[in-house]
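The values are calculated or read from the model by the stated rules, or taken from the named source; none is laboratory data. What you are looking at is a predicted structure, and each value in this text was computed from that prediction instead of being measured. Here the Cβ positions follow ideal geometry from the backbone for every residue, glycine too, while neighbour counts run over all protein chains shown. SASA here: full protein model, heavy atoms, side chains in, ligands and nucleic acids out. Shrake-Rupley method; radii C 1.70, N 1.55, O 1.52, S 1.80 Å.
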Amino acid sequence: MIGRDVLDAALRAAIAEGEAALETGDVPVGAVVLDADGAVLGAGRNEREATGDPTAHAEVLALRAAARARGEWRLGGCTLVVTLEPCTMCAGATVLSRVDGLVYGARDAKAGAAGSVWDAVRDPRLNHRPEVVPPDLVPRELADRCSDLLSRFFARRRIR
């Protein structure tokens, strides 16, 4: 997988994408896809509220952008870096896109499908299983920023 400093920079970029999602009232989740050399091929943020599209999750949009940039759907050699553990839809897209790695900054205890509630990305019945780097293997400062961004968003929604 890609070097630690490149992954840290990618997680910072994903956090910035998540922060941008706040402008449209979307849950602040961001994602980037890196190629094997660590260059950003695609980025995305949640856009369900902005577009009315139930599939407009950060991971799906980042994977689509990376596939367009690469000119094919197979994203072997790539790493998906996301602020929140993927849901089942996004975990499926991660597997089906054939990315080699998945890095995420915050666990999702209600809908996480990369080890928390389910482990769809590492199911041994699948023909492709990316390497997973969970929050406990991400620098604490970055994992905390991912969690805090989401906690603050949902705390504000509960107050309203």
For THR94, which of the numbered conditions (1) among the hydroxyl-bearing types (Ser, Thr, Tyr); (2) assigned to a helix (DSSP H, G or I); (3) open to solvent by 30 Å² or more (accessible area, probe 1.4 Å) fails to hold? (3)
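Residue-by-condition table, conditions (1) in contact with a strand residue (DSSP E or B) (Cβ under 9 Å, 6 or more places away or on another chain); (2) aliphatic (A, V, I, L, M):
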site	(1), (2)
LEU84	yes, yes
ARG98	no, no
LYS110	no, no
LEU126	no, yes
Could you say which residue among ASP108, ASP136 is farther than 18 Å from ARG12 by Cβ, in contact with a Leu (Cβ under 8 Å, 6 or more places away or on another chain) and open to solvent by 20 Å² or more (accessible area, probe 1.4 Å)? ASP108
Out of VAL99, VAL60, VAL121, which single residue is of a type in the set (Val, Ile, Thr), over 16 Å from ALA16 (Cβ atoms) and open to solvent by 10 Å² or more (accessible area, probe 1.4 Å)? VAL60
List pairs: first residue in the stretch 74-102 and closer than 18 Å to ASP53 by Cβ and in contact (Cβ under 8 Å) with a residue 24 or more places away in the chain, second residue surrounded by fewer than 16 Cβ atoms within 10 Å (Cβ to Cβ) and hydroxyl-bearing (Ser, Thr, Tyr) anywhere in the structure, Cβ distance under 7 angstrom, at least six positions apart or on different chains. MET89/THR55
Residue list for the stretch 52-69, filter: touching an Asp or Glu at 6+ places or on another chain (Cβ under 9 Å) and farther than 23 Å from ARG12 by Cα: ASP53
Would you mention how many residues in the stretch 20-57 are among the small types (Gly, Ala, Ser), closer than 18 Å to MET89 by Cα and open to solvent by less than 30 Å² (accessible area, probe 1.4 Å)? 4
Among the residues of the stretch 75-88, is any farther than 20 Å from ALA43 by Cβ and not in a loop (DSSP other than H, G, I, E, B)? yes
